[in-house]
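Asker: I am attaching a structure below and will ask some questions about it afterwards.
Computed from the coordinates by the stated procedures, all read-outs in this text should not be read as laboratory data. Everything numeric in this text was worked out from a predicted model, so none of it was measured. A quick note on method: Cβ atoms are made from the backbone with ideal geometry, for glycine too, and the neighbour counts reach across all protein chains shown.
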Amino acid sequence: MGKAVLNVDDSSTVRKMVSMSLSSAGFEVTEAVDGQDGLNKAKAKTFDVILTDQNMPHMDGLTLAKSLRALPQYKTTPIIMLTTESDESKKSEGRAAGVNAWLVKPFDPQVLVGALKKLLG
């Protein structure tokens, strides 16, 4: 079975594109509709990598990253931010929150899959 990925994005279109790209590369993908939903799913099941958008209702990606890092099972889990945000200050906030990689939308599916494989070693 492939590595388990939690795909958190409030856009159903982006979620579907990400899920299709990752599923076809052999990953097992679980979708979440916002940061709070993502956090709930991450607590219910352990994932090998978390992929999250930044701008979402209920809980944004940086808050989700900080919340995950506070949980023992996610201290070292790769977290990838997939967002329209490309501002350096946001990326710095991301690194401080424990984000391992920052990809800007629109994304190239091959780059996304490559980033996941690289982070998962």
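Asker: How long is the gain from Arg69 to Ser89 if the chain were fully straight, where each residue apart is worth 0.36 nm and the alpha carbon distance is subtracted?
Answerer: Working it through step by step, the gained length comes to 5.2 nm.
Asker: Further, regarding this structure: Let me know the shape class of segment 1-57, please: from the alpha-carbon gyration tensor, a ≥ b ≥ c as square roots of the eigenvalues, rounded when a/c is under 1.5, otherwise prolate if a/b is greater than b/c, or oblate.
Answerer: oblate
Asker: Would you compute, from DSSP H runs of 4+ residues alone, the mean residue ellipticity of the chain at 222 nm, taking -39500 (n - 2.57) per run and dividing by the full residue count, rounded to the nearest 500?
Answerer: Result for the chain: -13500 deg cm²/dmol, rounded to the nearest 500.
Asker: Exposure proxy check: Asp53, Asp37 ranked by fewest other beta carbons within 10 Å?
Answerer: Neighbour counts put them in this order, fewest first: Asp37, Asp53.
Asker: Something else: Against the globular-protein guess of 2.2 N^0.38 Å, express the Cα radius of gyration of segment 4-120 as a ratio, rounded to two decimals.
Answerer: Normalised Cα radius of gyration, segment 4-120: 0.93.
Asker: Treating cross-link reach as a plain straight distance, find the lysines whose alpha-carbon is under 20 Å from the alpha-carbon of Lys90, omitting any fewer than eight places away in the same chain.
Answerer: Lys66, Lys105
Asker: With charges set only on the Cβ (+1 for Lys and Arg, -1 for Asp and Glu), what does the dipole of the chain come to about its Cα centre, in debye to the nearest 20?
Answerer: 460 debye
Asker: So for Ser86, Ser23, fewest C-beta neighbours within 10 Å to most, what's the order?
Answerer: Going from sparsest to densest Cβ surroundings: Ser86, Ser23.
Asker: Excluding residues fewer than 8 places away in the same chain, name every one of the aspartates and glutamates whose C-alpha is closer than 15 Å to that of Lys117.
Answerer: Within the straight-line cut-off, Lys117 pairs with Glu28, Asp48, Asp108.
Asker: In a shell of Cβ-Cβ distance under 13 Å around Gly121, excluding Gly121 itself, what net charge do Lys and Arg (+1) and Asp and Glu (-1) give?
Answerer: With Lys, Arg at +1 and Asp, Glu at -1, the neighbours total +2.
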